[in-house]
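The values are calculated or read from the model by the stated rules, or taken from the named source; none is laboratory data. Small disclaimer: the values here were computed from a predicted structure and weren't measured. Virtual Cβ from ideal backbone geometry, glycine too; neighbours counted across all protein chains shown. Note: areas computed on protein heavy atoms with side chains; ligands, DNA, RNA excluded. Shrake-Rupley method; radii C 1.70, N 1.55, O 1.52, S 1.80 Å.
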Amino acid sequence: MITLLDYGAGNVRSVINAIERLGETVKLVDSGADIDRAERLVFPGVGNFGALMRTLREKQLRDPLIRYLHSGKPFFGICVALQALFESSEEAPEEPGLALLPGRVQRFTCDLAIPHIGWNGLKAHQSSSLFHGLHGNEKFYFVHSYHVAPVSGDDILTTTDYGYEFVSSIQRGAMVATQFHPEKSGRAGLKLLENFLAGHREPIRPAACPQTTVLAKRIIACLDVRANDRGDLVVTKGDQYDVREEGTVRNLGKP
């Protein structure tokens with residue numbers, strides 16, 4: 001049985017589907033008592049740091065969650081749930097984090113497009129049972145504008161490059177959390193979740209470890225083709241819904 005903390009900010013169906021596909025049953029948290037009784041807890045954080053922390057407080061889930069995290073029982077946090085483990089975030093300076101780990105959450109300061117969206121790689125910084133069956137060159141799905149900045153490097157599990165190197169997952173004892181979404185990361189993501197659900201496996205390092213990770217190129221799967229005002233066939237959609245720009249049909253290239 002896996003206890004899943006859905007605090008109501010977004011659709012967690014993909015996480016539930018992934019866990020059930022791996023043969024586990026899922027119990028949703030209705031109260032702090034459910035967290036206290038949990039043996040393995042998955043927390044898929046969604047959305048805004050401030051909204052997440054306020055909701056945990058208003059639903060009286062903050063203190064039970066902190067108790068659980070101090071218990072040493074298995075925990076898997078995803079996306080904003082990773083950020084919540086730290087002391088504060090630039091996204092909502094007025095809302096304190098859970099402060100399990102020293103450090104803060106900051107917005108990307110690189111010149112690349114923000115948010116960081118797409119499939120990117122991982123560089124392992126320590127051994128982990130999560131890496132069983134992974135080669136080290138897999139890519140995982142990210143979508144975020146903020147990243148954690150730990151005070152100490154002791155808890156860093158992986159880093160990823162996007163303009164500069166940032167922390168993409170942490171590990172402390174049985175507590176792990178990822179900035180990427182394993183439930184949306186295909187076979188590699190399912191393998192990582194399977195390793196967490198399996199319990200105690202020998203910690204290993206992937207055989208391959210990239211010096212620099214690279215965001216995978218995105219392919220627009222569907223492009224709309226139509227005639228422009230002169231009768232030429234052009235690609236008009238794929239990046240926007242409005243086919244016209246400054247009064248004329250947009251031309252993104254010949255089909």
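Given a 1.4 Å probe and every protein chain left where it sits, what share in percent of the accessible area of the stretch 22-167 is carbon and sulfur?
Values: 2990 of 6060 Å².
So the carbon and sulfur contribution to the accessible surface is 49 percent.
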DSSP-defined antiparallel bridges as percent of all bridges, the stretch 32-158, nearest 5: 65 percent
Nitroxide proxy distance, nm - points 7 Å out along Cα→Cβ at Gln126 and Arg13: 3.7 nm
Under-5 Å amide H pairs with Gly103, H placed in peptide plane, nonlocal only: Glu87, Val151
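Is the shape of the stretch 1-119 rounded, prolate or oblate, going by the alpha carbon gyration tensor and its root eigenvalues a ≥ b ≥ c, with a/c under 1.5 for rounded and a/b larger than b/c for prolate? Each step should come with its number before you reach the end.
On the way: a/c = 1.97, a/b = 1.32, b/c = 1.49.
The shape class here is oblate.
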Most to least packed among 128-134, 82-88, 61-67 [average Cβ atoms within 10 Å]: 82-88, 128-134, 61-67
Amide H partners (placed H, <5 Å) of Ser169, local residues excluded: Leu157, Thr158, Gln179
Kirkwood estimate for the stretch 53-208, i.e. one over the average of 1/r between Cα atoms, Å: 15.9 Å
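Please list the equivalent ellipsoid semi-axes of the stretch 30-90, computed as the square roots of five times the alpha-carbon gyration tensor eigenvalues, in descending order and whole angstrom.
On the way: eigenvalues 67, 34, 20 Å².
Rounded to whole Å, the semi-axes are 18, 13, 10.
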Derived scalar couplings ³J(HN,Hα) [the stretch 94-108; Karplus, 6.51 cos²θ - 1.76 cosθ + 1.60; whole Hz; x for Gly, Pro]: 7, 10, x, x, 6, 6, 6, 10, x, x, 9, 10, 10, 6, 4
Calculated FRET efficiency for the pair Cys110/Arg21, C-beta based, R₀ 45 Å, to 0.05: 0.80
